Structures are given as structure tokens and as C-alpha cells.
Amino acid sequence: MATVSLTVNGQSVTADVDPRTLLVQFLRDNLRLTGTHVGCDTSQCGACVVHLNGEAVKSCTTLAVQADAGVVTTIEGLAQGGELHPMQAAFREHHGLQCGYCTPGMIMSAVDIVNRKGPDLDEQTIRAELEGNLCRCTGYHNIVKAVAAGAQAMAEAPLQQAAE
Amino acid sequence: MTATGIGAPVRRKEDQRFVTGQGRYVDDFNRPGQAYAYFLRSPHAHAAIRSIDVGAAQTMPGALAVFTGDDLAADKIGGLICGWMIHSKDGTPMKAGPHPALAQGKVRYVGDHVAVVIAETLAQAKDAAEAIVVDYDVLPAVVDTAEAAKSSVQVHDVSPDNTVFNWHLGDKDATEAAFAKAKHVTKIDLVNNRLVPNPIEPRAALGEYDFGTDNYTLYTTSQNPHVARLVLSAFIGVAPEHKLRVIAPDVGGGFGSKIFIYAEETVCVWAAKKVKRPVKWTSDRTEAFLADAHGRDHVTHAEMATDENGKILGLRVHTTANLGAYLSTFSSSVPTYLYAPLLSGQYDIPAIYCEVDGVYTNTAPVDAYRGAGRPEATFVVERLVEKTARELKQDPAEFRRKNYITQFPHQTPVIMAYDTGDYAASLDKALELADYRNFQARKQESARRGKLRGLGFSSYIEACGIAPSQAVGSLGAGVGLWESAEVRVNPTGSVEVLTGSHSHGQGHETTFAQLVSDRLGIPIDQVSIVHGDTDKVQFGMGTYGSRSGAVGMSAIAKAIDKVIAKGRKVAAHVLEASEGDIEFKDGRFGVAGTDRSLAFGEVALQAYIAHKFSGQDLEPGLKEGAFYDPTNFTFPAGVHICEVEIDPDTGVTTIERWTAVDDFGVIINPMIVEGQVHGGIAQGVGQALLEGAVYDRSGQLVTASFNDYCMPRANDLPSFQVGMTVTPCPSNPLGIKGCGEAGAIAAPPAVINAITDALGHEDIAMPATPQAVWRAAQKARMPMAAE
């Protein structure tokens, strides 16, 4: 067994885990944070995307021990003070989800895109940057709209962005 | 229209939980003492099983039990069933081979279920499965759809030539006569490529048994939990129906693949009692590729006869449909009654004759996938219509217009009676939105850059609102296809609607609540939609075939009418008026011609406190149920126009414009309807350009992961221009036609018609990958090079 200590959604957690435990298994099974999903076994679909030390990672391809001493944000930790994060609100407003299964990973990737590329995202950039996230329901049309709108809203809500 | 009523783009009620990670899917449920199931699957496409030695596996760390088909048989657990009987031309019933949940004596496709290990952890179950010794006698496999009936390999003893049925529909003699007098005959050979549905949530099952009450519970990724319960109890015999609770909670997409009753949920329920522990199985993606029911896989030759004026005289079609190694739950209906009755398309075709041979192969079972038979029919009709127009040197839009059905109702030669539509209106709107008149200028501009531009139409129709029970019964269905609803009004005036429909992305919690809010005049947040639990909802047929609006909501509307009728009686007592004088309007029961009225909530309270009427006069309470059986199929239709640009040097096809104009009848929530259209188009474009399940000659699935099977990504698709026309459906009380499958039905021929237009020849198959298009583009260049 290996001991991991990390901060997840602002809470410190320490646990003994089988060294082969994936970060997504640790989040779902140990912490019962089931908002992070598993949709494939080849690191293709992106349903498992979380933020590790401020960057998007696929938690199905990250060992829990690799996150030791790190800071993890999952979809459950994105909303602050009972208010949806601007990107969450944009997905709802622009119907950027249907079954909801890819949505947590999609939103975590979208926030990461804005963090890296800034709030002024054109359609081509958004489509290219979503390369690692699969959605089978929406045809991406409304996801692209939601990401563009969410990016603008994040720029207008600097306090919340800082909190994230 | 109110802000939350019928027609309003209400933001979805369910989204709050989905965007915050609070959705609850099957794999998110864990039960105390839960163990894990892992299925040992066949690595061979076809093999006899000489023996299975589970001794070593049973002693592996953490292993609780290892079961094989013999254990299921010993407990008299029956095989999986196909619920739609098809008869061949000669009147003989289809040849359904046995379909045990765990193999008995033979495996018939890679991924077939050989044994199951139940262990403390999933990792231990996998390790133990590796210790199972199976002695296989590997047999040659048959994989190819067109060759199956001629193969010396025999998949099932009941079918020496691998043929499940030789079925037909239409008037052969009349069709031959039509071709005899034709001025022109257009011929086409088509392959409708095999697809893997791939909802992003993999299937999962969690079975539990309570020894105290003898109750079984199954959490499962199902589009139709009551159908699952019925099949598991009445046919497979896992548990009595009244002792089995099936829960389908949040489900992450289905597209047909979660309709069916599979081996894994059967085994999880049964094994939970055997090992005295809850048993959980969650598919990984490779298992989903191997063992979820696939879609499509047709090989077709079709011919269209036209007269000297370009009027269509007749259509004849021969299709071989690959049904895979076993008949899945509704597999036999897909290439027959969900296919051939759509071959008239939007066109007035006097004579149609279609033959379909269903065949077994050593591949995964094939069943309904988004559209189910109707995309295959539309691909035949729309490719053939486009090719005919080109051969006759007629504008493809005007050729279609000339042949459109314009009078309704219209009886086609293939069962269907179209109730309403205005196909020319959709065409006109689509031509305008697509800027068709300037297409040639855009084509020339592309040519100046060395690019090939093409435009393709798809003027599709589908049959939804599935379906009138008597009609489908006469066609072989084992069930009726009505829907149920129960409207429970609480004393405080809030409402719960229990529906037999199931939402797995469609947004029923919002659209169904819009109907209730609209009809009862109460705020939408006072309405809850309850679905997906057989302990709560009495019965239901579930969600598929774009039926939840036309059938499911019609049942709710019927129950609401009963609630209002009962409310009138209550109000009459309270207001001391005659029932005939009570009007219900804008959420209030009032006495006609007076200012005396009660709000809906006040009547609800009076119904429950029952102080103002005697129980002899009127029963207390306000709760009504309804079963709604549709009177006809519904016929959504529309025109999609795809415009592509091809780089002949790389073979890359770029979709430059997509125009969709659909007639879905009355629309409850345009935001959600447009979303359904977008998603359907994406799956249709996926079929046309990217996706294809490929088995090698030995029956290995070489496209068994997202690395190898090309799913559409954001960058593969354009934004879509979506328009609507409306002819209300006369066949249900809400005027709804259905929208869930339209995009997937319309899109493939639109894409291929655009590509063939760009290339200048018809020789391209789906998926039109860059390699295939590059080869086709070289072929198009050859004559030029020769000049």
C-alpha cells in the first residue's frame, strides 16, 4: 500500500491505497466524488478530466500516487458559495449537455481552455481544443456555444475565477 | 405561450445536477457488501467448447464464485429472447437459434460470454478469470454479410444456410409491371456500414437480493426498465415480476443500445442470490465495442424506374441484413418492419417491392441503433433518387419536388398511411437557408483553389411514435407499444407525474413538466417527473423510436384531462354550483358567468380534506392514470442539405454548410428539439465520414477502442443551421411527431450525395474516410489526365 496526501476541492485527504489505484478510482471509490466519470479505457473520451495543480488531466490515466501533495479540483468543487461557476451556468444556458455523462469532463476541460487561452475564443479554437473530449449526444454545436459564452462570463467574474 | 409552457425554450431542470457532478448513474451506486462481476469472453469468433475448468479460478484470492452456462441451466434460467416474430415469404417462422446468457457448448462471436467470476474486487475477479481454463475447438468463422448464406460455416444448427428469414414486402407483380413500362431504370449497390452505438456511459448492472423479503433489485442502464423486468421475469425466469424491482436511474445516453436485455444484467441479478452479496458489473469500453448490440450492416441492390417525364414508377430493393451471431431483443424488426415500410420516402411511388434476407454471422448481435431501419431505408431512397436525377440531368431538388406526395392522407404501397406533411415547404425553406442559388459560384471559387465542392440533398421521412399496438401485433411484435402515465396531485397543489417513458438525455424532466404547467396553469417548479423505477411507475414501454413525446406525453395529457374532470367535480361541491357550470382556465376552476373561482391548489386541498362533499358522492383525492395507445405512426420529415469541400490531394472532406429543415409537428421546447437534431446529424455524419466497425476474416473486431473506431469529435463537425416547418400531427392529441432520430436518418445520404456530386462519380462507400475519398478523387482525375 502507498500513502497519498492531497487537497481535493479544498479539503485535505490522506489515504492508504494500492499503488496501482488510478486517480479517478481514488476520487470515485475512496472519496465518493462520483461526478468524475469513466467513459473509455484508452484515455480518449475525456469524461474523467479534473484539474491537478491547476491543469486539466485525465484522471483515468493518472495514478493517485502521482497526485500526492497536489491540489485537485473536480466538478463538485467548481461551484463556489452555492453559485454555479460561469462555465457551468453557460452549459446550462446554452443547452451544452443532454445525458450529462461527458459534461463534468467537458466543463473541466473548458475551464482549462480559458485558463490557457483567455476569454476570447473563436469557434475554430474551441473545436480544436476539445479534441480530447467526446460527446455522443450534442453534436458539439451547443457545447461550442457554451464554451465561448462561459469564457466571456469567466472574464467578467474575476473573483470566481481566482477562487477556482 | 407562457414562459414555461408549450413552445417555450425552457432551460432544463435536470441540468443543475448534471453540471455540478450530482447526476446518479448506475456505476455511482454502491450497495453494502457489494462484490464485482467480471465476464470471461470468447477470444474466438467461432469455437466449440470442449471443457471449462474453473477449479483453479475458484481458489484465487478474493474469488467468491465462478459460474458457467451449466450453472444457469441447472437453475432453469432461460436464454435471451427476440421479441418480434418475422415470417419468411413461404410462411415459415424465422429461425431463432438458442441464445444462452453464458455459452453452452459453443461460442459464436468474439466477446461472447463464456463464464463469470464474482470476487471481492474487480481486480481480483479479472485475475481469477485468467485462471479459468477453456479448451476450445476453434472453428472457421463467417463474417461477411453478403457471403453468409453461401458459406460452409454454420452459426446455428437451426439454420443450415445461416439464413434467419427470407422476408418480403410489397407487390412484386405490380412492381415488375412498372419496370416493364419504364423509360429509364437507375441501379445502385450500397453497403450500409456497421456501427457501434457508443453512448459515453458504458452499460452497467448492479443486482441485489433480499433474503428477508425475497425481493430482487436491479440497477441497470436501461431505456425501458419495465420491459427489462418483464423479459427477465416472464421469459428468462430470473425472478417473479412482482418480486423484481428494476431501477434505471440517470442513464448516460442510449441511442438504442440500452433497449435490449443482455446477458450481463441477467447474470448479475441471478448471481446476487447465489453468492448472497450484491453483484456489480460495469462495462469497460472494449467490452462495449465487443458485446453491445451493433447497428446497420446492410448490403443492398436497388433499382428505380422512371417514366419519360421523370416521374417515379417503381422501386425494387434486395437487402441482406447481418443480424450477428444471435437474435438480440428487437433485432428481427429492424431490417424488416422498421425498414421496408419507409422505402416510399416522401415520394408518390405507385409500386414497391422489397426482399430482405436476414443472416447469421460470427459477429456481435445487430439491433436498433438511432433510427433503426429508417436510416437504412433513407440511404437507399435518397441515394437512388439523387442518382436518378443526375442520370436524367435534372436538378435534384426539382426532381424531388416533382415526385413529392402532396395529398394527405396518403397510402403508400408498403403499409404506411402518411397522415400529414408539406414536403415542398421544407424544401423551399432549406433551399433558401442553404443559399442554393449561389452554389455554383461557390463551387467555381473552390475550383480556383484546386478544391472540389459538392452539394447533397436528403429529403427524408421516418415513422415514429411507435406504435399502435394492434398494428404492431399484426406485424409480429410480442408487446403492445402504448405508454402509461399517472398524475398525482398533492394536497398542496404540487404535482408528480409518473411516466413509463425514460429520459437518458432527452430532457423529459423539463418538457413533460412544460406540458403539465401549461395544462394545469401551475408553476413549472411545482411539477416533478418520476421515471425509471418499476416500484414507482406501474408499467411503461420506455423510450426509443422517438416515441416519448407523441406517445408518452399523450398519455400524460390524457391523465391531466382526467385530473381536470375530477377537479371540476370537487370545485362544483365547494363552490355550490352544478358541475356543468364549472370552467377550468388559467389554473382556476370558476363558475361560468360569475367571479367565483378556486385556484388549482385550492381544489387539490379540498379534494384531500374532503370536508365539502360526502365520500358517497365523490371519492376523495386527486390522482389519475392513463394508458395511451396511438392511432397511427407519426411521420416526421424534412430536407437536409450538406455542402462539402474536398481537398483532392489529401482526401479530406470538410463540411462547409449544413442546413436542416424539419417538420416535427408541434414543438414543446425548441431548444431541446434543436439539440436532438444536432446530435442526430453528428451521428449520421459519423456514419458517412468516420465510423465503421471492421471484423477481419477470422472474426476479430479490429475496431474495438476509441483509438481504432473513429468517433466524431468537435473538430470533425460544423455548426448546423436548423430551421423548422410545422404541420401538426393529427394522430395524437398534442400534434407531436418526434425528433430524436431525424438527424441520424437524414444525414448519411446528404453527405454521400454531396461527396459524389463533388467527385463527379458515384463510386464511394461509407465511411468516406480521407483515404477512400483520396482514392475516389484520383479516379475522378484519371480521365482528365488521359486528355
Pairs please, first residue from the stretch B:591-614 and touching a residue at least 12 places away in the same chain (Cβ under 8 Å) and closer than 19 Å to B:V516 by Cβ, second anywhere and in a strand (DSSP E or B) and small (G, A, S), Cβ atoms under 8 Å, 6+ apart in sequence or on different chains. B:L598/B:G590
Reported set for the stretch A:105-126 where residues are small (G, A, S) and in a helix (DSSP H, G or I) is A:G105, A:S109, A:A110
Any residue at all in the stretch A:75-84 that's part of a loop (DSSP other than H, G, I, E, B) and among the polar types (S, T, N, Q)? no
Residue that is at positive phi and within 22 Å of the chain's Cα centre (by Cα), where the choices are B:G421, B:G371: B:G371
Going by the structure shown, is B:G212 out of contact with any Gly (no Cβ under 8 Å at 6 or more places or on another chain), assigned to a strand (DSSP E or B) and small (G, A, S)? no
Single match in B:N669, B:N732, B:N707 (criterion: crowded, with 21+ Cβ neighbours inside 10 Å, within 14 Å of chain A (Cβ to nearest Cβ), out of contact with any Cys (no Cβ under 7 Å at 6 or more places or on another chain) and farther than 21 Å from B:A758 by Cβ): B:N669
Selection over the stretch B:719-740 where residues are part of a loop (DSSP other than H, G, I, E, B) and under 30 Å from A:Q124 (Cβ atoms) yields a count of 4
Just to be sure I understand, how many residues within the stretch B:215-239 are in a loop (DSSP other than H, G, I, E, B) and within 20 Å of B:G545 (Cβ to Cβ)? 4
Quick check: is even one residue across the stretch A:49-69 out of contact with any Gly (no Cβ under 9 Å at 6 or more places or on another chain), of a type in the set (A, V, I, L, M, F, W, C) and within 8 Å of chain B (Cβ to nearest Cβ)? no
Would you point out the residue of the stretch A:115-129, among those that are more than 18 Å from the chain's Cα centre (by Cα) and among the polar types (S, T, N, Q), that is nearest to the other protein chains (Cβ to nearest Cβ)? A:Q124
Whichever residue in the stretch B:310-326 is closer than 19 Å to B:S344 by Cβ and surrounded by fewer than 24 Cβ atoms within 10 Å (Cβ to Cβ) and, among such residues, is nearest to the chain's Cα centre (by Cα): B:H318
In the stretch A:147-156, how many are crowded, with 22+ Cβ neighbours inside 10 Å, more than 10 Å from chain B (Cβ to nearest Cβ) and under 26 Å from B:R657 (Cα atoms)? 2
Collect the residues in the stretch B:41-94 that are surrounded by 17 or more Cβ atoms within 10 Å (Cβ to Cβ), of a type in the set (D, E, K, R) and touching a His at 6+ places or on another chain (Cβ under 8 Å), keeping them in residue-number order. B:R41
Output the residues belonging to the stretch B:340-362 that are in a loop (DSSP other than H, G, I, E, B) and either surrounded by fewer than 24 Cβ atoms within 10 Å (Cβ to Cβ) or at negative phi (or both). B:L343, B:S344, B:Q346, B:D348, B:I349, B:P350, B:Y360, B:T361, B:N362
Filter result for the condition that a residue is facing chain B (nearest Cβ under 9 Å), assigned to a helix (DSSP H, G or I) and more than 12 Å from the chain's Cα centre (by Cα), over A:R136, A:R92: A:R92
Scanning the stretch B:519-556 for residues that are surrounded by fewer than 24 Cβ atoms within 10 Å (Cβ to Cβ) and out of contact with any helix residue (DSSP H, G or I) (no Cβ under 9 Å at 6 or more places or on another chain), the one nearest to the other protein chains (Cβ to nearest Cβ) turns out to be B:V530
Tally time: how many residues in the stretch B:621-667 are in contact with a helix residue (DSSP H, G or I) (Cβ under 7 Å, 6 or more places away or on another chain) and over 30 Å from A:Q124 (Cβ atoms)? 15
Those residues that are among the hydrophobic types (A, V, I, L, M, F, W, C) and in contact with a His (Cβ under 8 Å, 6 or more places away or on another chain), I need them from the stretch B:95-115; list them, please. B:A101, B:L102, B:A103, B:V107, B:V110
Sort out which residues of the stretch B:221-247 are hydrophobic (A, V, I, L, M, F, W, C) and out of contact with any strand residue (DSSP E or B) (no Cβ under 6 Å at 6 or more places or on another chain), and write them in order of number. B:V227, B:L230, B:V231, B:L232, B:A234, B:F235, B:I236, B:V238
Options A:E83, A:E129, A:E76; residue that is touching a residue at least 12 places away in the same chain (Cβ under 8 Å) and touching a Lys or Arg at 6+ places or on another chain (Cβ under 9 Å): A:E129
Criterion first (closer than 30 Å to B:F260 by Cβ and in contact with a helix residue (DSSP H, G or I) (Cβ under 9 Å, 6 or more places away or on another chain)) does B:T306 satisfy it? no
Residue that is surrounded by the most Cβ atoms within 10 Å (Cβ to Cβ), among those in the stretch B:587-601 that are assigned to a loop (DSSP other than H, G, I, E, B) and of a type in the set (G, A, S): B:G587
Got at least one residue in the stretch B:404-422 being part of a helix (DSSP H, G or I) and either without any contact (Cβ under 8 Å) to a residue 24 or more places away in the chain or assigned by TED's automatic domain parsing to the domain that holds B:K311 (or both)? no
Taking the residues in the stretch B:1-16 that are within 11 Å of chain A (Cβ to nearest Cβ) and in contact (Cβ under 8 Å) with a residue 12 or more places away in the chain as candidates, determine which candidate is farthest from A:G35 (Cα to Cα). B:P9
So, A:N142, is that one more than 11 Å from chain B (Cβ to nearest Cβ), at pLDDT 95 or above and in a helix (DSSP H, G or I) or not? no
Exception for A:A15 within (1) in a strand (DSSP E or B); (2) of a type in the set (A, V, I, L, M); (3) at the interface with another protein chain (Cβ under 10 Å from one of its Cβ atoms) falls at (3)
Of B:A57, B:A37, the only residue that is under 24 Å from B:A204 (Cα atoms), touching a Phe, Trp or Tyr at 6+ places or on another chain (Cβ under 7 Å) and more than 14 Å from every other protein chain (Cβ to nearest Cβ) is B:A37
Here are B:A141, B:A177, B:A128: which of them is over 28 Å from the mean Cα position of the chain (by Cα), surrounded by 23 or more Cβ atoms within 10 Å (Cβ to Cβ), assigned to a helix (DSSP H, G or I) and among the hydrophobic types (A, V, I, L, M, F, W, C)? B:A128
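The values are calculated or read from the model by the stated rules, or taken from the named source; none is laboratory data. Given the structure is predicted, the values throughout are model-derived calculations rather than measurements. A quick note on method: Cβ atoms are made from the backbone with ideal geometry, for glycine too, and the neighbour counts reach across all protein chains shown.
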